[in-house]
Amino acid sequence: MTSARDFARDRKFVRLLADVRACNVCAAHLPHEPRPVVQAGPTARLLIVGQAPGRHVHETGIPWNDPSGNRLREWLNVSSDVFYDDTRIAIVPTAFCYPGKGRSGDLPPRPECAPLWHPQLLSMLPDVQLTLLIGRYAQQTFLKENCRATLTDTVAAYESYLPEYLPLPHPSPLNRSWWRNNAWFERDMLPVVRERVKAALAL
């Protein structure tokens, strides 16, 4: 049975998500209309932090709805039904809008989002058991001075960030060479990732 406190919390959370999705703070810097993409619920136990939505995610409004997302769900060993269940999984990127294309891929996440929205959102996710930091931007944002010199070094040192954080490489197909050059990730680390995710979600 839902208590009055839970009802008030849920209403506050809905208002906050509406504010995030209506945000246009960095509109002048984007090559398109802002379309913030976020998924969260106050009972979420797993938090996924990536960099920023790609073009396809921008078009659909669905987080990780692209080949990167397919590989990420494979890495985590979770179904789409679980992945998109906001009572279990929160998806809060470093920046919420697609930043546009650069010379060698998407541009970096806009810097306005994290300081503006992360404190408010994360303070309303008290049940999160594990935060996945996917890619260099997410790792620098959350780990700050504890981030290693390179993404590879940070991911390889994953045990030092547990139990709160688990750094991962980005699952983009553009990173195929990284996976080939770092076979230890899928061989040795992915089983740990899957066990940690399973425990966090209590599956």
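The values are calculated or read from the model by the stated rules, or taken from the named source; none is laboratory data. This structure is a prediction, so every number in the text was calculated from the model and none was measured. In this analysis, Cβ positions are derived from the backbone assuming ideal geometry, glycine residues included, and neighbour counts consider all displayed protein chains. The protein model used for the area step is the full one, side chains on, heavy atoms only, and it has no ligands, DNA or RNA in it. Shrake-Rupley method; radii C 1.70, N 1.55, O 1.52, S 1.80 Å.
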Let me confirm something: among A149, A157, which residue is over 25 Å from P63 (Cα atoms), open to solvent by less than 60 Å² (accessible area, probe 1.4 Å) and without any contact (Cβ under 8 Å) to a residue 40 or more places away in the chain? A157
Is it the case, given these coordinates, that A18 is more than 22 Å from P171 (Cα to Cα) and at pLDDT 95 or above? yes
Hey, does region 178-201 have a residue that's open to solvent by 20 Å² or more (accessible area, probe 1.4 Å) and within 23 Å of A52 (Cβ to Cβ)? yes
Where S172 falls short, out of the listed (1) under 20 Å from N77 (Cβ atoms); (2) open to solvent by less than 30 Å² (accessible area, probe 1.4 Å); (3) modelled with pLDDT of 95 or more: (3)
Inside region 142-156, can you point out the residues that are touching a Pro at 6+ places or on another chain (Cβ under 8 Å) and of a type outside the set (S, T, N, Q)? L143, L151, V155
Scan region 64-76 and tell me whether some residue there is over 21 Å from Q139 (Cβ atoms) and touching a strand residue (DSSP E or B) at 6+ places or on another chain (Cβ under 9 Å). no
